[in-house]
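Comments concern the structure below.
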Amino acid sequence: MSNVKKKLFIILLLLAVALCMACGERTESKDTLAQEETADGLSAVMEGTIDVADDLPERDIKIPDHLTEESEGTGSEGGEESVYHMTGEEQAGAAREIAEQIEDSINQVLADKDFYPDIVGISVNPECTEFNVTFSGRELSLYENTLRVSLCIVGDRFQLYQGKGEDELLTVVNYIDADSGEIFSTMNSREIE
């Protein structure tokens, strides 16, 4: 049990670092972030809500290699897979923590115009299978370009703790031009495995 919590802590820590690289000393609450306004007068908060199912069956979970920090192998000797047994309550708790981290991180990305200057909005569907990131232009910073990989990973992690099997995980990230509404780039989580 403690090994699962340790892995979850590491995963959440990596998520926070990946999505909040430029957050610096910002310590505002969600209410403060919701009241912040961009230069256009729009609120800098994530659009959409992430639904967490609570009635999950007890099951064994294998965390895919692309969702662990040990991406060069299975993380165990002899090619054995790491499988964790979790109750439905433990899965829902892990998913709830990931959903909170996603929302907090997205709101911080939206508020950080130094590293994410062209992002004007990020929406997520309730199942966390699709993120739409809207940009004011198509010339992206390094951080804006790499954000899609982080979103794919956290979307898959959330889905894993919501009952999906390893072969069912799929998160799609669309980059959308705010002026035309056109999707100019799409990535899905199976492309990064």
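Mean projected area of the Cα convex hull of the stretch 81-193, taken over all directions, amounts to 7.5 nm². When the label point is put 7 Å from the Cα of PHE184 along its Cα-to-beta-carbon vector, which residues of the stretch 84-123 have a backbone N closer than 15 Å? Output list for this probe position: 117-121. DSSP finds beta bridges in the stretch 72-193, and of those with both partners inside it, around 60 percent are antiparallel.
Values in this text are rule-based calculations from the coordinates and carry no lab data. Bear in mind that the values here come from a model prediction, so they are computed numbers and not experimental data. Reconstructed Cβ throughout: ideal geometry from the backbone, glycine too, with neighbour counts over all protein chains shown.
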